[in-house]
Amino acid sequence: MMKKIKKLLSVILCVAVVLGSMSGVTVFAASVGDAAASIGVNIVDNLLLALCHTLDQVLEFGLNTALGLVDLSDTGALDISEYENPMFEKYDGHDEFADEAAADAAFSLGYDKRDIIPDDFYEGAYYKYGAADIGALIENGTTVNQLPSDLAEYYADRYAEENGCSKEERDAIAADLAERYAADVLSVRTICLDDSRGKVLIASVDSIGLTNASKNAIVALVDEYCTANGINDIVSINVTATHTHSAIDTLGILQGVGQVVDGSLFENLFNGAGNAIPDPKYMDFLHKTVADSMIAAYGNMEKGSLHMAKADDTITFTDANTGEERTENFFQPGADTTVILEEIYKLTFVPADVTAPVTVIANFAVHPEKVGVSTDEEILPTVSADMIPYMEQQIVKSYEAKGQDCNFIYINSAIGSMIKMDMGINSAYEAYYPEDAKNPIYDTTYEGRSMRYGIVLGDYIASMPLGEEVEPILNVKTEEILVKTDNFMLRLLAIVKLTNNVILTDEDNSVYTVSEVGYMEIGKNIKIFMCPGEINPELIGTDDHLLSGEYSLTRADFQYEALVNYFDEDDEVLVFGLMNDMAGYIDPDNDYSIALVRFNDYGTPGEYGIKANANALLFSYSSDIASTVIGTFLNVVNEANGGEATDIIEGNFSGLVPYMNYIMHIVNHILKTIGLQ
């Protein structure tokens, strides 16, 4: 009976995933051209917020209460008092931070890259996480058995039929596409960095994300090798994800959706068979491959120098059609934000041995999510690293042109609120590669558009200067956190076992999960927030107006400032996102909600949208995850600099407080509108 209940809950979860992905519906519009209309809009806005907050509280209480009838200990959740993770303490970073480089200090770096496509991939037994069109996903399922290069024949046939091409023309198109898309293979790229005080491993995996449980499994494999071979100079082991939306599912959520679509979940529901989610065979393969990559990078160390350059995300070019100068951005905000982190950081390791490869580390915030759907009606069974391998390809080519080999790794940043690829960049491709851009087939596939985006971005990064040399100082410290979640979705995930998060419980049947936060210093002025999940950029950058009560669900300010304000002006504050745990969306506490209805300050004035707030509904661990993560991070920073940890600042966003805030907001707006404030 318990198995059938769990599978029914799996269906409910899949429906929630779909609903949480749907866009808002406009329900009201008003002109704000005069004072009365402005006051009316403000009143309606706050009434909607009050309704939204009430609905949020009722849903959270009701769903958590209903799901709380299932004893988590019966689902295999470990009692929190019994949880221990000795591997974390063994690899939690440096015992002390260095302020100055040692007299004989020098950076060393090792690198490895290998693909993460299993041998039985073409048997079609795996499920994809993500797609550009949710409707096509639901209609066609999520199983995958092709790489982009495998689609060359399909695209060539379709184009030839639509355009009356000869067989010779069709064959030439197929060969050309296969060659172009050959670079797009899911991979893990790993660096091992050292300043002579202890080695730090970072692996970046072409996947949607890896949970802390996966990170722990990888660490255990690396530790096993280290113990067997007498290795004791690794101080930190870290795993992140590029967040490509067309990789094999490493979380289990879209595998569950796929099994609803293909009927296997319902079949298992009635015959009593179990589902292993995410696929244990692939996860074992992936964990071992990542661990092997780390071990290989450790064994490939070269001494040299590290340099850093920074550029914004703006590119200027001459439009191929108009001949006029044109400017485009690589990234654009999405969902409820107007803020993005505009910086593109390039760290370049130059080995002392001129015959050894240079290694380029790129860090910026964007969702690689354009590949996988050919048209609005059609989803293809394709996995892809999206624009990343093409970016890599161009950077590597730029060094090969100078007679030097090059390695590459991409580490994503603060991508909460769906920071997107701005496809206006395709116009830059037309300007830089005018002859190639004339072939219309390259604009008929998402693979082609993503390829062109990656090529332009790769050329842009390659053109950035080497930058200033960084002093050989490397400091790292990570902190494990136990998160008590109030999001009913995680309780549901725990019950149906639809993901591989570490799930803990207590005598009150509460839900806990495990995550990590880290702090890294490179040189004296590069300060890195090693952040789990997808954190909203307004929590990081200088443009932090969205943290104010004016823009929040609760009309109250977030309890912390944007992170850059806690560092010196000459510090470069970077984010290594999705690091060591796919902790879901990290929204400010004051703006957390399941359902969200509010004045659309981000689009057309006077419009209201009613929609599920996917940032919270889907995978956000808890309503206080932002303050938990940021408060813990600041404590790690303080302790690393000789200070003491302090209590995490708690917000007051429940009970009657928000309703009082709504009333005061209306009153203040009226007074301001009529000139009395």
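The numbers here are math on the coordinates, done by the rules we state, and not lab data. Everything numeric here is computed off the predicted structure, so don't read it as measured data. In this analysis, Cβ positions are derived from the backbone assuming ideal geometry, glycine residues included, and neighbour counts consider all displayed protein chains.
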First measure r as the distance between the Cβ atoms of residue 43 and residue 548, then evaluate 1/(1 + (r/R0)^6) with R0 = 30 Å and state the FRET efficiency to the nearest 0.05.
-> 0.90
So which of 215/420; 215/527; 199/497; 281/420; 113/310 end up more than 29 Å apart, counting from Cα to Cα?
-> 199/497; 281/420
Starting from the Cα-Cα distance between residue 179 and residue 354, subtract it from 0.36 nm times their residue separation and give me the gain in nm to one decimal.
-> 59.9 nm
Estimated distance in nm for a label pair at residue 657 and residue 89, the labels positioned 7 Å out from Cα along Cα-to-Cβ = 3.5 nm
Please work out the Cα center distance from the stretch 452-475 to the stretch 562-592, rounded to the nearest Å.
-> 22 Å
Put a dot 7 Å past each Cα toward the Cβ at residue 171 and residue 113; how far apart are the dots in nm?
-> 3.2 nm
Between residue 312 and residue 469, Cβ-based FRET efficiency (R0 30 Å, step 0.05) works out to 0.85
Contour minus Cα-Cα span, residue 670 to residue 125, at 0.36 nm per residue, comes to 190.1 nm
Please list, in chain and number order, the residues 5+ apart from residue 619 or on another chain whose amide H is under 5 Å from its amide H, with Hs placed from the backbone.
-> 585
Chymotrypsin sites (Phe, Trp or Tyr not before Pro), restricted to the stretch 75-114: which are DSSP loop and have at most 13 other Cβ atoms within 10 Å?
-> 83
FRET efficiency, 1/(1 + (r/R0)^6) with R0 51 Å, evaluated for residue 644 and residue 153 via beta carbons | 0.20
